[in-house]
Amino acid sequence: MENRYAGGCASCSVWVSAGGGFLGKGVTGGWEVRCATCRFLDDRAAADDFDPEALELPPVPPAGSAATVALRVLTLTRPCWACGEATVCLAGLYPQRPARGYVGLFTTDSPRTLALARRLLQNHGHAALAATVRPRYSGTMRKRQLSNGCSHCDALQGNFPVQEEALGRVAASGVDGLDTLVIADCPVLEWQAVVHGSSGGVMAI
């Protein structure tokens, strides 16, 4: 149903103007807004030939959708396993104003989310922390992968222990169990690539 009301998209929290998106029933039965991009991708995901590795995002946000979305870049501070010093690790991304029906905290266990979080830090005055996120060889994964690193000794801070700690904090205190380092304006299509990506790394909030 065409949306007559302004509101945030329940899939991605991107702001949608009146007449710019669609209304649909949410899982709890209430009406929720969907932006045109998320509705299209949801429809594509139901198709037999859908390839989650080949997202079909539009070249520009559709009319009625905001061009950017404000995201909280979430971190946690933990002792480095190698040197014992306290170091800050990127933990996830979450909308500053989550829309009705929105449920996802996207964690840096996904390389796509970690790359976007690093880019947002670079663009918002946190180049030093962004520089600690780079490809390193993981003995556990037996390959090089983008990872958090200790700001003191550069040791890889493994995705699994960082995300286990993040999960514990979120389970105890919600999103505010993690530290918000910055609230960054993010291009909508970059955020939607994370939301609709297939690389995992999401907590239901």
Residue selected from the range 70-101 under the condition assigned to a loop (DSSP other than H, G, I, E, B) and of a type in the set (Lys, Arg), by the criterion nearest to the chain's Cα centre (by Cα):
ARG97
Could you look through the range 17-76, keep only residues that are surrounded by 15 or more Cβ atoms within 10 Å (Cβ to Cβ) and among the β-branched types (Val, Ile, Thr), and pick out the one that is farthest from ARG118 (Cα to Cα)?
VAL33
Enumeration of residues in the range 46-76 that are of a type in the set (A, V, I, L, M, F, W, C), more than 30 Å from ALA86 (Cβ to Cβ) and in contact (Cβ under 8 Å) with a residue 12 or more places away in the chain:
LEU55, LEU57, VAL60, ALA63, ALA66, ALA67, VAL69
Among the candidates ALA131, ALA99, single out the residue that is surrounded by fewer than 20 Cβ atoms within 10 Å (Cβ to Cβ) and among the small types (Gly, Ala, Ser).
ALA131
Any hit, the range 102-109, residues being among the aliphatic types (A, V, I, L, M), in contact (Cβ under 8 Å) with a residue 12 or more places away in the chain, closer than 21 Å to ARG134 by Cβ and in a loop (DSSP other than H, G, I, E, B):
no
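Bear in mind these aren't lab numbers, they're just calculated from the coordinates by the rules spelled out. Keep in mind that this is a model prediction, so the values were computed, not measured. Cβ atoms come from the backbone with ideal geometry, glycine included; neighbour counts cover every protein chain shown.
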